[in-house]
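Colleague: Sharing a structure, written as structure tokens. Questions coming.
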Amino acid sequence: MTLLFLTGDGMRGGRLHHQLGGAPLVAVTRTAPAYRMYAVDGRFPALERVAAGGVAVRGELYDVPLGTVGGALLPAEPDELELGVVELADGAWALATVLRREYRGTARLDDIGRYADWHDYRKDHPTP
């Protein structure tokens, strides 16, 4: 089992939540205030750690079998994301999907840090 921090459609109520295979929710929490949060092409969120100007992003922490991470979750992720680690508000670290560096200059990235929450962003920007 491994701790996985989710910020997008894998969270409760999201269209990809079923891919967690019933993994238990550990906490609703935030990252340390060290991240930029983007909407990539308006389709999904991406986190990027920054030295200054970051926000604390809201998400859900799950205890997920590593086989589920590798066998169900990662294959479903878009090319712009990769597995990384994020620092949580309490100083602990967890796996998460983060923005791939090579997409920093090529993908359409809308900074949604003022929301710092994918669900709140989606309320104002529903999926077409």
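Derivation of every value follows stated rules applied to the coordinates shown; laboratory data play no part. None of these values were measured; they are calculated from a predicted model. Quick reminder, even Gly has a Cβ in these numbers, built from the backbone with ideal geometry, and neighbours come from all protein chains shown.
Colleague: Quote the charge dipole size of region 57-128 about the Cα centre in Debye, to the nearest 20; the model charges only the Cβ of Lys and Arg (+1) and of Asp and Glu (-1).
Modeller: My answer is approximately 180 debye.
Colleague: Looking at region 52-126, which trypsin sites (Lys or Arg not before Pro) are in a loop (DSSP not H, G, I, E or B) and have at most 14 other Cβ atoms within 10 Å?
Modeller: Answer in residue order: R104, R108, R114.
Colleague: Ok, one more. How many angstrom separate the Cα center of region 56-128 from the Cα center of region 10-36?
Modeller: 9
Colleague: What is the Cα coordinate range of region 37-128 on the first, second and third principal axes, sorted by size from largest, in whole angstrom?
Modeller: Largest first, region 37-128 extends 33, 30, 27 Å along its Cα principal axes.
Colleague: Follow-up. Helix-derived [θ] at 222 nm for the chain: sum -39500 (n - 2.57) over DSSP H runs of at least 4, divide by residue count, nearest 500? Could the numbers behind the result be given before it?
Modeller: Working: 1 runs with 7 residues, N = 128.
Helix-only estimate at 222 nm: -1500 deg cm²/dmol.
Colleague: Also, I was wondering about something else. For T127 and H18, what is the calculated FRET efficiency with R₀ set at 30 Å and r taken between the beta-carbons, to the nearest 0.05?
Modeller: So, using R0 = 30 Å, E works out to roughly 0.95.
Colleague: T2 versus D111, label points 7 Å from Cα toward the beta carbon: distance in nm?
Modeller: Output for this residue pair reads 3.1 nm.
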